[in-house]
Every structure is written in structure tokens, then in C-alpha cells.
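The values are calculated or read from the model by the stated rules, or taken from the named source; none is laboratory data. Only a predicted model underlies this, so the values are computations on that prediction, with no experimental measurement involved. Glycine gets a Cβ as well: all are built from the backbone with ideal geometry, and neighbour counts include every protein chain shown.
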Amino acid sequence: DAMVIQNPRYQVTQFGKPVTLSCSQTLNHNVMYWYQQKSSQAPKLLFHYYDKDFNNEADTPDNFQSRRPNTSFCFLDIRSPGLGDAAMYLCATRSDRSYEQYFGPGTRLTVT
Amino acid sequence: AQSVTQPDIHITVSEGASLELRCNYSYGATPYLFWYVQSPGQGLQLLLKYFSGDTLVQGIKGFEAEFKRSHSSFNLRKPSVHWSDAAEYFCAVGPGGATNKLIFGTGTLLAVQP
């Protein structure tokens, strides 16, 4: 089945230690999104790619970076995680022929 | 400002009872509307969407939603709730277009009593 895959599902990192979260998709969608979701809150968009064009949200901290080496893969890099960065990180994809976004299962990040 | 309001933070219904989750939006243009469901520790699953046309839309798992432009609402309904429907439900609105960045409501947590 075509899908959005996120690895790992659970990630524990230490305060200040860089961490990378991975998203891959078999849907061949050209738009990919990264969201941060804290407990009992709505997802918050961090940035998205339209093909190779990177679009950062104005309030996304500089500590968060992203890479998209090809259509299928997208990475979220947190350069120096703080305790406040503990959250669920959701990847989503969309075809530019429609408007619905398809989400992966998320990566739960814990910062110790 | 564009926004989505889900007035009910938490709802409890009995299994077999009907369900309506409210969603109101504030949007300057014609909105693209979505309902997503999230089970604990999982990603979001699309239940249904409204872009245009018939204002009553059918989705997966027996859910439906009605777009009412005059009320700026897009309420989600199900005639008979199952225990497996217990989850968090998010309403979202987007502008369409190249990026279609979604604005999410704060969610409604549904509990189902046996």
C-alpha cells in the first residue's frame, strides 16, 4: 500500500544533542510537510517543501532545519534540542493535483 | 484572521448514540475543509473533505459532515458511535492553491461509554 513512513517511531535524545527524524513516502507526492504537535494541542506547521522549494514558517525556530534529497525522502534536523522540543513530529504529503494531506504515524521525541 | 474553532474540548457519548462534533471557521475566501481523526500515539487520518458541490459529504467509517456557509460551520456527524471511534478529532481549513497550508482547530477528544 502507498503510504507515509516515519522513522523512528520513538526517539530519545539528550539536551543539546543533534537529532534527525526521517520521513519517506511511496505516494510520489511532490509536497511534503513537517508538523510539531505537543500534548493535547493541534499540529503546528514547521515548514514544507513544494518539490525542492523549501518554505519555512515565520515562527519556526532556527534550531529546526530540513532536507529533502529526493521526492521520496524528507528529514527534520533539530540542531540543539531543548526540553521544549519534546513533542510528536508529524510528516505529511500532498499531491499538487489535490488538497488533502496524508500523514505518517509520527515520531515521538523525548528530550532528557 | 483565519481560524478554526472547535468549541467542545471533550465529549463523552454512549456506544450506539449519535454524535455531532462542531467546527466553526473564519476564512476570507472559499475554504477547503477537512476532518481528521487521531488515535493515541498515531498520526492523523483523513475522515472526509469538502472542496465544492454537495454540502453534505460522506467520509470513511460512517462519518459525514455538512458545510453551512451561512453558519461558517462544518460539523461532523455519525448516527451510531462505536467504541473504536474514541479518539481525537481535528477540523482543518486550507486555502487550496500550491501549498494549501492547513489551519487546525484545537481538537475534540471523544470518549465512548459502553
Criterion (more than 10 Å from chain A (Cβ to nearest Cβ), in contact with a Leu (Cβ under 9 Å, 6 or more places away or on another chain) and either surrounded by fewer than 20 Cβ atoms within 10 Å (Cβ to Cβ) or at pLDDT 90 or above (or both)) met by exactly one of B:Tyr89, B:Tyr36: B:Tyr89
Top-ranked residue in region B:2-39 [being part of a strand (DSSP E or B) and hydroxyl-bearing (Ser, Thr, Tyr); ranked as nearest to A:Asn7 (Cα to Cα)]: B:Tyr36
Matching residues, region A:75-109, being in contact with a Phe, Trp or Tyr (Cβ under 8 Å, 6 or more places away or on another chain), within 14 Å of another protein chain (Cβ to nearest Cβ) and closer than 21 Å to A:Pro8 by Cβ: A:Tyr89, A:Leu90, A:Cys91, A:Ala92, A:Thr93, A:Phe103, A:Gly106, A:Thr107, A:Arg108, A:Leu109
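Results for (1) touching a His at 6+ places or on another chain (Cβ under 8 Å); (2) in contact (Cβ under 8 Å) with a residue 60 or more places away in the chain, shown as yes or no for each residue.
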position	(1), (2)
B:Ile11	no, yes
B:Glu66	no, no
B:Arg69	no, no
B:Leu109	yes, yes
Members of region B:92-114 found to be part of a strand (DSSP E or B), touching a Ser or Thr at 6+ places or on another chain (Cβ under 8 Å) and closer than 13 Å to B:Tyr25 by Cβ, listed by number: B:Ile103
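How many residues, within region A:40-74, are among the polar types (S, T, N, Q), within 14 Å of chain B (Cβ to nearest Cβ) and free of Cβ contacts under 8 Å to residues at least 12 places away in the same chain?
So the count comes out to 4.
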Leading residue by the ranking (farthest from B:Leu102 (Cα to Cα)) among those in region A:10-41 that are part of a loop (DSSP other than H, G, I, E, B) and touching a Lys or Arg at 6+ places or on another chain (Cβ under 7 Å): A:Pro18
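Pick from A:Asp96, A:Asp77: which is touching a residue at least 12 places away in the same chain (Cβ under 8 Å), surrounded by fewer than 16 Cβ atoms within 10 Å (Cβ to Cβ) and outside any loop (DSSP other than H, G, I, E, B)?
One residue alone meets the criteria, A:Asp77.
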Enumeration of residues in region B:62-86 that are in a strand (DSSP E or B), over 10 Å from the mean Cα position of the chain (by Cα) and either buried (at least 22 other Cβ atoms within 10 Å of the Cβ) or hydrophobic (A, V, I, L, M, F, W, C) (or both): B:Phe67
In region B:40-58, residue farthest from the chain's Cα centre (by Cα) [restricted to those that are facing chain A (nearest Cβ under 10 Å) and in a loop (DSSP other than H, G, I, E, B)]: B:Gly41
Every residue from region B:10-32 that is within 14 Å of chain A (Cβ to nearest Cβ) and modelled with pLDDT of 95 or more: B:His10, B:Cys23
Matching residues, region A:45-71, being over 15 Å from A:Thr93 (Cα atoms) and either part of a strand (DSSP E or B) or of a type in the set (A, V, I, L, M) (or both): A:Asn56, A:Ala58, A:Phe64, A:Gln65
